[in-house]
Every structure is written in structure tokens, then in C-alpha cells.
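Everything on this sheet refers to the single structure shown next.
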Amino acid sequence: MAYASLIGAEVRRKEDPRLITGAGAYAGDIKLPGMHHVAFVRSPYPHARIGAIDPTAALRVPGVTAVVTGDDLRDAYAQMLFEGGEGADAAGAGPGMVSHYAISVGKVRHTGEIVAAVIAATPAAAVDGAAEVVVDWEPLPSVASMEQALRPDAPRLFDEAESNVDHVWRRKRGDVDGAFAAAHRVVRLRMSSQRLAGVSMEGRAVLTALDPVSGSLTVWTSTQAAHWIRRDLAKMLGMAENQIRVIAPDVGGGFGVKIGVYPEEAALAALTRRYGIPLRWVETRLEHMQATTHGRAQIAEYEAAVTADGVVTALRARVLADLGAYPVSAGIPNLTGQMAVGVYQIPAVDYEITCVYTNTTPVAAYRGAGRPEAAYYIERVMDVIALELQLDPAEVRRRNFIPADAFPYRTPVGTLYDSGDYDKPLTKALDVGRYAEWRAEQRRRIAARAAGEHVPLVGIGIACYVEMCGFGPYESAHVRVEPSGTVTIMTGISPHGQGTATTFAQIIADQLGADFDQVVVRSGDTAITPMGNGTMGSRSLAVGGGALVRAIAQVRDKARRIAAHLLEAALDDVVFEEGRYQVKGAPDSSLTLAQIAERAYTDELPDDIDPGLESTDFFKPPELIYPFGAHLAVVDVDPDTGIVTVRDYVSVDDCGPRISPVIVAGQVHGGLAQGIAQALFEEVVYDENGQLLSGSLMDYTLPRADDLPPFQVEQTVTPTPHNPLGAKGIGEAATIGSTPAIVNAVVDALGHLGVRHIDMPLRPEKVWRAANPV
């Protein structure tokens, strides 16, 4: 049988049979002897002082064993660990200057903040007990709007701060003022990227247990970064890292909201240490909406200096970013600034992002994390330029693209793009998506409505994007070939739906000669995996795969040495080809990996070869990587009802070489669903006082299957020089391209009616009002 490489092959995901048959094991499924349950008392106020807490009635609830307040536990741990806005100018509270205890003491700053924990024998008893805890609240003035939070008289979230501003990120390069003075036209646009919730299928869950002999702590948690949780818990609890084991079992989605340590993890860890019993907490959907971090939440005002033929000579932007109540991930908005110019060669930029606190749930990473906002803003501006100058939107983009021969390319804000050819995916999207035909259909529909026919209008939206991913600082992999020839991989990444067990097995089969079906990937357990940084920022293959390739190379080299001994050949004459270790030019003189492994663990090896066949290695990426692509969306818009129907969608994404096309397609499909959902449906809503109005899935709209069309997934291939596989990330790319493509399509459908912009989400009422102004 001819050898066939598995790199780029269409193979079924190894993970799926177990998960779709209900054999997965999630943190909320795990039960331990003597386990008790925790429910949290949370603030109903967005801003309040915490007075006396009376547990009397709660302790009378059958099954309740303890009620613990923040004051009771404050000596058990340090305050929460947050990140600052690196590379920014402090202006107010300042990066990293504010925090709180896991169970808050003295004051709360958003609804859902924890003020007490109830421990009980059953989940129901814990919930009933929490409902009986009486808190003496002193409500304080609150601020939920970013713009209001900037006012001098706005309520301050932190008494020690001068204002509600955490930091300001600024970049100014080139002759901005001169370009605007000489511009043929200045295009201005105010936009918002609304607040979103992660809404992973599995909410967060935590289980903690103590070893009664050693005192070591085990934490099962639904996280994307097990080693990060161990690191932060060790700092907060004052424990050595080797006394804490963190396990991420099966994780039912994350999308960025399960990256960092949460108060619930710290609280359960401290409570288990204090009471010596296993404790479990499982998040409700209301808790998810109230207390799990949100994403996006920005307002942007853009100005573009434009020539008569649509070339942008300068960009000026002022962005307001909502951090919520705490700086859980205050550096996320900075990424918006770093991707300010998108795929365009804009020589002069003046960009400023002001990051503010409000009495709302903290804002952190959500699929794309700062980059979708940047792509949305610049792509909307490109469409408005085309509209105002009566130019084709595709042509405007082509006139502004960074040339293919300019890479590596450093943008005016300092970001260094690795490789790119932005016209290729646009050309392919226009061709596959039948752009010219849809333009003709658009004109026909406009004429039909003018003649009195009640037909929907057609809109065609284009979006070209580039994003940064492959974040370091490093990643790890351990490859062990067992004596039977099966292979076990231990990786520092923490997959939760990405299909890493499949892609890593494909790489092992191709580069080491193992049987694809006999490769096992272990992850998410700090006791058995090498130090790593988890799964986020589309880094699993680009960085984790880089570490895997390095470890494979060491194992393969040793396998060649053993093969040379067994084949009685010179080492330089033994090569790995077509899945076997063979003598050059003599394919009949060859060995399989299993044959080599069998001898690697015996005493038959020469003295200069140690027993065993395994290796650990790390990969530190030299630079970030920059996937790119072009999306084309076709929508029907009914001006009489405002209803938008997505008719057709083409996604052309360049993520470098594709190890597993099936998994890439799955990532693209999921990303498109989330990006389209931001454009049309999703929004976390607070009232003016900071009360959450969208606290359930009755109020927070998610897309259904029948809201989405069949997707056409296409590719171009531009490798990166910054990792051994040449691979760029794909996990966030489709989310980044799809949101502006849909909004551009809807506005394009209504452009002849004078509609210039509609803020997301494009609910029917908004669209109807735009199409039917009073």
C-alpha cells in the first residue's frame, strides 16, 4: 500500500465519539467522598457598602453546615491577581492598583459580586441557605456608562483613584495633521462594539479537595489554562506550586472567558483548606451572565483623511473601552490599537484608547479579544469611504492594501506583520461569492421596489481582516514512545474543543511514523504535563505544535540512532521516509517505529545510547503571527419589517498550511456563527444604574441553526516563518471577519435610502427605523 501523509488529510476527530456519546467527564460531574457544595451570596446592587451579614436563618436550613463571609476568610489568601494595561500611560486608577478579595470585603462594585459562601451537604440546601443570608447593604451611586464614567462628577469605583480611568494607550506616527489638511475628504464615523457574553455550553465549575496527609490541594476547574490557575492560586494562597495540582477535565467551551483565575476558584480553595472537606460549585446561567467576564464593550470615533480616489492617507481614532468593575484583563483594549490599520497601508496614525471602570461585570477576553473590534472599525470606515465617494467597496480596499512585496511590514503603530498577500483572498471571495452577479441582482431588486413590488433588498458585504495570534511566551510538549510503539503526548496547552488530539496525532504519524489511532494526547493536568500556557489566542497549533515538532525531532533522531544499530548501518545512511526508518536506497532494509520502540527499552542497546524513547521540549515563538482573509456576505433586508436574512456567505481564510482541513472548517463555522451573532443578535444590556437586564437566555439572544446559511469555506496559503509548521491560527479568524461583513452587507442594502451606519446588534427594529426615517 502506498504511503499517504496525514498532514492535510481529511480525518475524523479523535475526540468526538467519546463526547457525543455522553462519556465526557466535566468538573461538574466529578463526585468525591464527603463532598459538600457551595452557593454564593451575590450582590443585588451594582455599587454598595457591605454592612453586617447575618447567617442565622441560613444556618437553620437543613443541610447547611457553614456560612463564610469575606471578613471570615480574608486572612486565608491575598487579593485577586489582575493584569495591567501594558505599554500604556497610567491616568487615574492605574494598571494593577485595584483589586478585591475573592469574597469581597467592605464594598461591591458590580451586581453578582460575591459577599458570602454557604456550604451545605447538597446543592439545593446550599442555594436555599444562600437565599436566607441577610446582608445590611448601603447602596452607593453607580455608573454603568463608559461616557458617564469619564465625567468629573461621576461616582468613583475606587476611593484611592483620581478618576475612573485605568490607563490610556496612545500611538501617533507620521504627519497626521498634514494629511488631514490636504485631504480631499474627511470621513467620520462613530461606532460601537457592544458588550457580549461568552455563553459556553458548559458554565464554569470548580471542585477542590485536600490530601489529609501531605496537605496538598487538588483543584478541578473548567479552565483554558491549568498552569496559570496553579500559578495564581499558589501566589494567592501562599502555597508552593508543587503543593497544588490543577486539573482541567473535559471543558465544554471557553471562548476566552475561562482563561484567568476567578474568585470562585480562590474561594473554594481557601474554604477546602480551612474546613478540610471537598467542595464543589457549579455555575448557573444567571451567574454566568453576572459574574463570568464579558467581552468587547467599546465605543470608537474614527476620522480618515482620504484622497479623491479613495486612498487613506491618515487615520485618527478615539476609542473608549469598558473594563467593567475590575482590571481582570486591562491589556485587551490595547490589542485593538495594535491592529488599528488592519490590512491597509496607512502612513499616518493618531490612535488613543481610554480604558475606564464602570459598575458592571469585568470585561476580558472573548473570541478575538481586541482584534475583532479593530477589524470592525476599519472595515466599516472602508465601506463608508466607498459610499461617500461612490466607489466600489472592493476597489477601495485594493487601493489601500499593504503590497505583497512589503512583508515583513511594520505598521505605523509598531506592529510587525509576518507575511501576507491580501488581494488573493479578496479576489477568491469575489469570484466564489459571485460578486458581480449579486450586484446585478441588487440593482434589479431596487428597481422592483421602486416599481411597487414588495421584494427584499439585497446587500453585499465585504470584509478583509488580519489578526495577531500565536502568543508566547512559550509552549511545551513531551513525546513518549511506549515499548509497544504507541505514543503518548503531554502538552502544556489545554484544548477544549479545538481538536488538538487529532491534529497532534496527525503530526506524530507524519513526522515520527506512529499509528494515528495509537496516539494519545494528555493535557490540562499540572501533575503530568510540562509547564505551559494553555489554549487561547489561536496558539495551540502555532506555538504548542511548534513545541511538539521540536520534541518529535529529538525522538526521531534517537529512533534513527537505534535503527542504525539494529540495521547495522551508518547513522548518516538511515533516513525517515514514508513512515519508516530505512537505509538510503534500500527500502527493504527498514524498521517501523514499533520495532524500534520494542528494542529501545531493553538492555540490547549499545553503551552510547541510553534506554527509552521520549523527549520534552519547549518552543518560544520569535514573533507573533498574522492570519488574514476576506469574507463576503449576502443578505436580504426587508425594509417593511427590518428582518435580515443571511442568504450566502463565503469565508476565505489564510492560516498557512492546514494540518486538518476538517478541524479548520469546524473552527471557521463556529467563528462565523459567533461573529454573525454579534452583528445581528447578541448584546449584554445594563440599565443606567448598572442592573443587568439580559441575565438569561430569554433576554440574551443566541443564533439558531436556521439563522445561518450553508457556509462556503475557502483558503489561500501563506506560511509564516515564525514556527516550524508555518501555521497561523484559525480559532478566532472567522469571528473577526464575519462581524463587519454582515454589518457592511446590511448597510449596503440600505445605502440608496441614505443609510450610512447602524450600530450593532442589527435588530429588526433598528433596521426598520433606519430604512423608514420619520
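The values are calculated or read from the model by the stated rules, or taken from the named source; none is laboratory data. These numbers come from a predicted model, not from an experiment. Neighbour counts are summed over all protein chains in view; Cβ atoms, including those assigned to glycine, are modelled from backbone coordinates with ideal geometry. These area figures cover heavy atoms from the full protein model, side chains too; ligands, DNA and RNA do not enter into them. Shrake-Rupley method; radii C 1.70, N 1.55, O 1.52, S 1.80 Å.
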Over region 418-494, relative contact order from alpha-carbon pairs under 8 Å, at least 6 apart, %: 18 percent
In whole angstrom, largest first, the equivalent ellipsoid semi-axes that the Cα gyration tensor gives for region 209-358 are 44, 15, 13
Using a probe radius of 1.4 Å on heavy atoms only, what accessible surface per residue do you get for the chain? Whole Å² is fine. 37 Å²
Restricting region 546-646 to chymotrypsin sites (Phe, Trp or Tyr not before Pro) in coil, as DSSP defines it, with at most 16 other Cβ within 10 Å: Tyr601
Where q = 0.06, 0.07, 0.09, 0.11 Å⁻¹, what log10 of I(q)/I(0) comes from the Debye formula for the chain, counting one point per Cα? -0.40, -0.55, -0.88, -1.23
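I need the per residue convex hull volume for region 277-341, using only the alpha carbons, in cubic angstrom as a whole number. Intermediate results must be reported in sequence, preceding the final value.
On the way: hull volume 8.9 nm³, N = 65.
About 138 Å³ per residue, rounded to a whole number.
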Low-density loop positions, GluC sites (Glu not before Pro), region 113-165 - DSSP coil, at most 14 other Cβ in 10 Å: Glu160, Glu162
Short to long, in 5 Å steps from zero, the percent of alpha-carbon pairs of region 465-514 per bin is 5, 15, 23, 22, 17, 10, 4, 2, 1, 0
Name the aspartates and glutamates eligible as straight-distance cross-link partners of Lys107: C-alpha to C-alpha under 14 Å, and not fewer than 8 places from it in the same chain. Asp71, Asp136, Glu138, Asp159, Glu160
Jot down the radius of gyration and Dmax of region 618-713, Cα atoms only, both in angstrom. 17.7, 59
Using only Cα atoms, locate the centre of region 541-618 and the centre of region 314-368, then give the distance between them in Å, rounded to an integer. 49 Å
So who's got an amide H within less than 5 Å of the one on Gln715, skipping anything under 5 residues away but keeping other chains? H placed 1.01 Å off N, in plane. Asp653
Show me the GluC sites (Glu not before Pro) within region 658-718 that DSSP assigns to loop and that have at most 10 other Cβ atoms within 10 Å of their Cβ. Glu688
Do any of Lys31/Lys258; Lys620/Lys728; Lys558/Lys584 go past 20 Å between their Cα atoms, and which? Lys31/Lys258
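Would you calculate the convex hull of the Cα atoms in region 454-602 and tell me its volume per residue in Å³?
Values: hull volume 28.2 nm³, N = 149.
In region 454-602, the Cα hull volume divided by residue count equals 190 Å³.
What does the net charge come to around Ala375 if you take all other residues with beta carbon closer than 14 Å to its beta carbon, with K and R at +1 and D and E at -1? Spell out each step's value before the answer.
Numbers: positive: Arg296, Arg367, Arg371, Arg380, Arg397; negative: Glu373, Glu379, Asp383, Glu467, Asp653, Glu732.
In short, -1.
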How many angstrom lie between the C-alpha centres of region 655-696 and region 1-59? 20 Å
For region 340-456: span of alpha carbons on each principal axis (Å, largest first): 51, 47, 26
Can you give the local net charge around Ala48? Use residues other than it whose beta-carbon is closer than 13 angstrom to its beta-carbon, Lys and Arg +1, Asp and Glu -1. +1
Cα gyration tensor shape of region 88-237, rounded if a/c is under 1.5, else prolate or oblate by comparing a/b with b/c: prolate
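Which percent of the accessible area of the chain is formed by carbon and sulfur heavy atoms (probe 1.4 angstrom)?
Working: 14730 of 28690 Å².
Whole-percent figure for carbon plus sulfur exposure: 51.
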Tell me the relative contact order for the chain as a rounded percent, counting alpha carbon contacts under 8 Å between residues six or more apart. 15 percent
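Contact order normalised by length for region 486-556, with contacts defined as Cα pairs under 8 Å and 6 or more residues apart; what percent is it?
Details: 85 pairs, mean separation 31.7, N = 71.
Rounded, it is 45 percent for region 486-556.
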